[in-house]
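Let me begin by presenting the structure, written as structure tokens, before commenting on it.
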Amino acid sequence: MKKPLYVSLANTIKHNISHHHYAGMKLPDERTLAQNFAVSRSSIKRAIQLLADQGIIFKKQGSGNFINPLFLRNKTAFDYTGDNVGLTTSIVTNGKQQTIKVLSLDVVKPSSDIRENLFLNDDDFVYSFKRLRQLDQQPILIEQSYIPVRTFPQLSQSLLENSLFNYLEDKENTIINRAYLDITTQPSTAEDQRLLHLKATEPVGILAGIFFVDDGTPFEYSSMRLHYRYLNFSTFVNLNK
């Protein structure tokens, strides 16, 4: 079956992005793209939305459509799209009660790494917060996260005591549906051992990366230190590619 025009357009733009055809990490405006491809703006608009849904580009209101640098770094990581990817819905609880304890919440100037990961301007501030997740009062994960203040100005400690992503979906009609994560292991630190009840010889799993809104906008950078007993990663690999 022949692909719809907007899908073919999206694939062509994706190919062009992969081969660095667009300067300044920004796509041309929709009118220019429509002229270049000799198609209607509505077809370009649908193609752009598809690329945003895939996380390949993200939209800045009033500024245009920008290429996600993480796509250029690791293209195969952008094949998944789905529902809410928050930890509250992802952690297997086996009937146990999951609770969240807020350890700290501050407004800070982001480091250069955080600014780059969240595509922030030099004058942007972020919420910096640390949470401890527990199952039946047993600690399983320490979460250090950063969210741009301008993205979610109403953030509060009471909101952080529950699933933030579920709140966004239920109250703000915003879905966090993809993440770019690095998964590793490290020796546990003194803080890990104290908060996760680990021995000095026991490791932690590290999940660090960026969570994206369904329009491709980066929402949160988080570094999570997981009790090794709960680190169980599964994936599906297509061997035909």
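Taking all Cα pairs closer than 8 Å and separated by 6 or more residues, the relative contact order of the stretch 5-74 comes to 37 percent. The residue among 9, 54, 127 whose Cα reaches farthest toward the positive pole of the charge dipole of the chain, with charges on the beta-carbon of Lys, Arg, Asp and Glu, is 9.
For a distance above 16 Å, tell me the whole-number percent of Cα pairs in the stretch 5-74 that qualify.
In whole percent, the share of Cα-Cα pairs in the stretch 5-74 beyond 16 Å is 40.
Cα-based Rg of the stretch 114-241 per 2.2 N^0.38 Å, rounded to two decimals?
Here the Cα radius of gyration is 1.16 times the empirical estimate.
For Kirkwood radius over Cα pairs in Å, the value calculated from this model appears in [x] 21.1; [y] 19.0; [z] 19.7 under label [z].
Can you tell me, using C-alpha contacts under 8 Å and at least 6 residues apart, the relative contact order of the stretch 87-230 as a whole percent? Result for the stretch 87-230 is 23 percent. Between helix 41-53 and the chain there is an angle of about 20 degrees, using the helix long axis and the longest principal axis of the Cα atoms.
Think of each Lys and Arg Cβ as +1 and each Asp and Glu Cβ as -1; about the Cα centre, that makes the dipole of the chain roughly 660 debye. Under 11 Å from a label point set 7 Å out along the Cα-to-Cβ vector of residue 161, the amide N atoms of the stretch 99-127 belong to 100-102.
Give the distance, in whole Å, between the Cα centre of the stretch 128-189 and the Cα centre of the stretch 41-57. That distance is 28 Å. Rounded to the nearest 500, the 222 nm mean residue ellipticity of the chain from helices alone is -7500 deg cm²/dmol, with -39,500 (n - 2.57) taken per DSSP H run of at least 4 residues. Karplus-derived 3J(HN,Hα) values for the stretch 5-17, using 6.51 cos²θ - 1.76 cosθ + 1.60 with θ = phi - 60°, are 4, 5, 5, 4, 5, 4, 5, 5, 5, 4, 4, 4, 4 Hz; glycine and proline are entered as x.
Contact order for the chain, expressed relative to its length and based on alpha carbon pairs under 8 Å spaced 6+ residues apart, stands at 18 percent.
Here, each number is a calculation from the coordinates, and none is a lab measurement. Nothing here was measured: the structure is a model prediction, and the numbers come from that model. Quick reminder, even Gly has a Cβ in these numbers, built from the backbone with ideal geometry, and neighbours come from all protein chains shown.
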